[in-house]
Structure formats: structure tokens, C-alpha cells
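All remarks here apply to the structure that follows.
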Amino acid sequence: QVQLVESGGGWVQPGGSLRLSCTASGIIFRFYGMGWYRQAPGKQRELVAGLTSDGRTNYSDSVKDRFTISRSNAKNTVYLQMNSLKPEDTAVYHCNKMRPPYFSWGQGTRVTVSS
């Protein structure tokens, strides 16, 4: 059974930084392209960063040049370094495969950016 556990969220002032982590179990992690998604209140979930199994990255325009996705296959973990955070980055962040069919979604980690 696949399990995704996200952590690292919290409250931060605008301009601050956070590093999110997502650890997967029950899969051969290195085989999968992984992404970070976020869902803000009243909005649909969106993919903000993706990292393929061979190391290619892509970012949504809203986070490009501010967020960096990385992974450690040895630790079955994908990371999201978030810099220059803005209030509009406030959301619950989840990790999952870059494309469907998705694994069961974890609980996510909440990020709040406000002064």
C-alpha cells in the first residue's frame, strides 16, 4: 500500500522561506516522476512543480524562480524549497505522481503566508 507523508509546512511572513518534504513508502520511488501540488481555499488543486525520474524539472509560472523541487531516491523523499513566499502561496501542499493515475493522497502540509 502506497503512503505519502508530507511535512514542513507552517506559518511564514511574506518573503520568507520553507522547505517541504514528502516521504513515500510502498513503491520503488526512483521509478516515478513526482510533483508538488497545492490547493488553496475555494480553488482547484494545481501542480506547481514536477521532477521526472531522470531529473527534469518543470514549474508553474506562479512559482518559477522561487521554488525548487528536488529528490533523494535513497530516502524515498521529494522536497520543495520555497523562497520569496507570497500570501498567494497560502495553501495545503501535497505530493504525488506527476500524472494520473495518482497514488492515494496524503494529508498534505499547510503553508500560511501572512504578516
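The values are calculated or read from the model by the stated rules, or taken from the named source; none is laboratory data. Please read all numbers here as calculations on a predicted model, not as lab measurements. Virtual Cβ from ideal backbone geometry, glycine too; neighbours counted across all protein chains shown. These area figures cover heavy atoms from the full protein model, side chains too; ligands, DNA and RNA do not enter into them. Shrake-Rupley method; radii C 1.70, N 1.55, O 1.52, S 1.80 Å.
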How many angstrom lie between the C-alpha centres of the stretch 11-71 and the stretch 75-104? 3
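Go through Phe31, Phe67 and list them by solvent-accessible area, largest first, probe radius 1.4 Å.
Values: Phe31 125, Phe67 5 Å².
Ranked from most to least accessible, the order is Phe31, Phe67.
Note the count of lysine pairs whose C-alpha atoms are less than 25 angstrom apart in the chain, limited to pairs 8 or more residues apart or on different chains. If you can, show how the numbers build up before the last one.
Working: Lys43/Lys64; Lys43/Lys86; Lys43/Lys97; Lys64/Lys86; Lys64/Lys97; Lys75/Lys97.
So the count of such lysine pairs works out to 6.
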With +1 on the Cβ of every Lys and Arg and -1 on the Cβ of every Asp and Glu, the dipole magnitude of the chain about its Cα centre, in debye rounded to the nearest 20, is 180
Tell me, what is the per residue accessible area of the stretch 21-67 in Å², probe radius 1.4 Å? 55
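Taking a temperature of 4 °C and a viscosity of 1.567 mPa s, what whole-number D in µm²/s does Stokes-Einstein yield for the chain with Rh from Kirkwood over alpha carbon pairs?
Values: Rh = 14.0 Å.
The diffusion coefficient I find is 93 µm²/s.
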Kirkwood hydrodynamic radius (C-alpha pairs) into Stokes-Einstein, the stretch 76-115, 37 °C and 0.692 mPa s, D in µm²/s: 276
